[in-house]
Amino acid sequence: MSVERTLLKNGCVLTLDSQIGNHRQADVLIEGSKIAAVGPNLTVPDAQVIDATETIVMPGFVDTHRHIWEGILRNIAPDALLDEYFTNILGVLAPVYRPEDAYAGNLVSALGAIDSGVTTLLDWSHIQNTPEHSDATIAALVESGLRCIFAYGNPNLDKEAWWHNSSLNHPHDIKRLAKQYFSSDNQLLTLALAPRGPEFTTFEVAKHDWALAREVGVRISVHVGVAEAGQHGKLAEMGRAGLLGPDTTYIHCCTLSDEELQMIADTGGTVSFASPVEMQMGHGMPPIQRCLDRGLRPSLSVDVETTVGGDLFAQMRSVL
């Protein structure tokens with residue numbers, strides 16, 4: 001069976017690869033699902049040719065944290081502060097979301113990500129109100145064709161129960177999902193756990209949730225250093241208990257102490273910033289230089305399309 005070939009001709013090619021280099025004008029040959037060759041004046045008689053003149057050809061972006069169930073709520077809260085987001089989005093709208101709403105939101109946002117050049121995304125999915133919601137969000141991700149990490153979050157049926165010093169453990173339905181949808185690591189869609197984190201739960205709940213992720217064998221993605229909630233040293237408590245590790249990505253980190261940032265670095269953790277949202281909603285000053293000084297290289301993320309656009313160029317400009 002012959003492999004389908006596509007040739008992108010005469011684009012400005014930015015490979016971001018030190019060995020291949022960048023080219024003011026070159027071609028890219030794609031064979032099946034793999035890039036087979038990069039260089040000027042490639043000749044491939046049986047390839048479909050796409051004229052890339054006066055365009056930039058480059059790798060897709062990676063968005064490391066976006067709540068894409070909110071895709072159908074785009075621009076609903078362009079000037080919302082964090083408390084208003086919690087009240088209106090998580091407190092009013094999320095509890096009445098049906099599985100089909102979660103499906104529509106995920107599909108709209110995933111396709112929008114692809115359209116803006118994002119080809120890999122972590123879906124921080126805290127709309128798991130029922131198992132049917134989880135099935136619907138996963139179905140939308142599969143349909144989109146996006147390479148995605150489905151980060152299984154909490155229900156949002158009652159924000160007071162789930163987000164304020166919560167004593168509710170993370171749902172164990174992740175074990176069903178792991179068996180039903182994620183039996184292989186060699187697929188476009190993979191699994192992570194998105195716990196609320198030590199700032200929004202008790203220490204015992206956070207300890208339980210971290211153990212659940214490690215029992216299932218998946219990475220952890222967690223919000224920390226969020227406004228006043230991040231000023232009480234709760235991540236340091238987790239660190240002193242030996243719970244931090246290289247399997248965890250810490251989102252925002254704005255109000256973490258220097259000690260806590262150093263704990264992340266020392267345990268091999270990674271960080272994700274959503275600078276426009278952090279500044280808009282009042283999370284605090286993104287700790288860009290404080291992380292760089294400790295050898296942490298932040299990734300970027302859109303976070304919520306209720307408030308900001310879905311492209312990574314805005315994220316880069318903001319951080320710069």
- Message: Criterion first (closer than 21 Å to Pro95 by Cβ, open to solvent by less than 40 Å² (accessible area, probe 1.4 Å), free of Cβ contacts under 8 Å to residues at least 60 places away in the same chain and not aromatic (Phe, Trp, Tyr)) does Ser144 satisfy it?
- Response: no
- Item | Residues of the range 25-49 classified as more than 10 Å from Asn10 (Cβ to Cβ) and of a type outside the set (A, V, I, L, M), total | 9
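Quick one: count up the residues across the range 294-307 that are touching a helix residue (DSSP H, G or I) at 6+ places or on another chain (Cβ under 9 Å) and open to solvent by 20 Å² or more (accessible area, probe 1.4 Å).
Residues meeting the conditions: 5.
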- Query: Can you name every residue in the range 5-21 that is of a type in the set (S, T, N, Q) and either in a strand (DSSP E or B) or open to solvent by 100 Å² or more (accessible area, probe 1.4 Å) (or both)?
  - Reply: Thr6, Asn10, Ser18, Gln19
- Picking from Asp135, Asp83, Asp79, the residue that is within 19 Å of Ser275 (Cα to Cα), open to solvent by 40 Å² or more (accessible area, probe 1.4 Å) and assigned to a helix (DSSP H, G or I) would be Asp83
- Test: residue in the range 112-122 that is in a helix (DSSP H, G or I), touching a strand residue (DSSP E or B) at 6+ places or on another chain (Cβ under 8 Å) and buried (at least 23 other Cβ atoms within 10 Å of the Cβ): yes
- Matching residues in the range 58-68 - criterion: being open to solvent by 30 Å² or more (accessible area, probe 1.4 Å) and aliphatic (A, V, I, L, M): Met58, Val62
- Message: Which pairs turn up if I take residues in the range 83-101 that are touching a residue at least 60 places away in the same chain (Cβ under 8 Å) and look for partners that are open to solvent by 50 Å² or more (accessible area, probe 1.4 Å) and not in a helix (DSSP H, G or I) with beta carbon separation below 9 Å, at least 6 apart in sequence or on another chain?
- Response: Ile89/Ile76; Gly91/Asp158; Ala94/Leu157; Pro95/Leu157; Pro95/Asp158
- Message: Restricting to the range 181-208, count the residues that are open to solvent by less than 20 Å² (accessible area, probe 1.4 Å), small (Gly, Ala, Ser) and out of contact with any Ser or Thr (no Cβ under 6 Å at 6 or more places or on another chain).
- Response: 2
- Task: Could you tell me which residue of the range 308-320 is most open to solvent (accessible area, probe 1.4 Å), considering only residues that are out of contact with any Leu (no Cβ under 9 Å at 6 or more places or on another chain) and under 14 Å from Phe61 (Cβ atoms)?
- Result: Arg317
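When you scan the range 176-289 for strands (runs of 3 or more DSSP E) that lie fully inside it, which ones turn up with 1 or more residues that are modelled with pLDDT of 95 or more and among the acidic types (Asp, Glu)? Outline the logic, then answer.
Numbers: elements: 189-193, 219-224, 248-252, 270-273.
Qualifying strands (runs of 3 or more DSSP E): none found.
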- Message: Every residue in the range 266-293 that is open to solvent by less than 30 Å² (accessible area, probe 1.4 Å) and either touching a Cys at 6+ places or on another chain (Cβ under 8 Å) or of a type in the set (Asp, Glu) (or both), please.
- Response: Val271, Phe273, Glu278, His283, Gly284, Pro286, Pro287, Cys291
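Just to check your reading of the model, which residue among Ala211, Ala236, Ala178 is surrounded by fewer than 18 Cβ atoms within 10 Å (Cβ to Cβ) and under 22 Å from Leu146 (Cα atoms)?
Working: Ala211 fails: under 22 Å from Leu146 (Cα atoms); Ala236 fails: under 22 Å from Leu146 (Cα atoms).
Going through Ala211, Ala236, Ala178 in turn, the sole match is Ala178.
Take the range 290-315 and flag every residue that is farther than 26 Å from Pro246 by Cα, hydrophobic (A, V, I, L, M, F, W, C) and assigned to a loop (DSSP other than H, G, I, E, B). Quick ask: steps written out before the conclusion?
Keep residues of the range 290-315 that are farther than 26 Å from Pro246 by Cα, which gives 305-311, 313-314.
Then drop every residue that is not hydrophobic (A, V, I, L, M, F, W, C), which leaves 308, 313-314.
Matches in the range 290-315: Val308 only.
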- Message: With the structure loaded, tell me whether Pro171 is under 22 Å from Val224 (Cα atoms) and either touching a Pro at 6+ places or on another chain (Cβ under 8 Å) or assigned to a helix (DSSP H, G or I) (or both) or whether it fails that test.
- Response: yes
- Any residue in the range 26-46 that is exposed (fewer than 14 other Cβ atoms within 10 Å of the Cβ), charged (D, E, K, R), over 17 Å from Gly60 (Cα atoms) and modelled with pLDDT under 95? yes
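The values are calculated or read from the model by the stated rules, or taken from the named source; none is laboratory data. Owing to the predicted nature of the structure, the values given are computational and were not obtained by experimental measurement. Note that we place each Cβ from the backbone using ideal geometry, even for glycine, and neighbour counts take in every protein chain shown. Areas reflect the complete protein model, heavy atoms only, side chains present, ligands, DNA and RNA absent. Shrake-Rupley method; radii C 1.70, N 1.55, O 1.52, S 1.80 Å.
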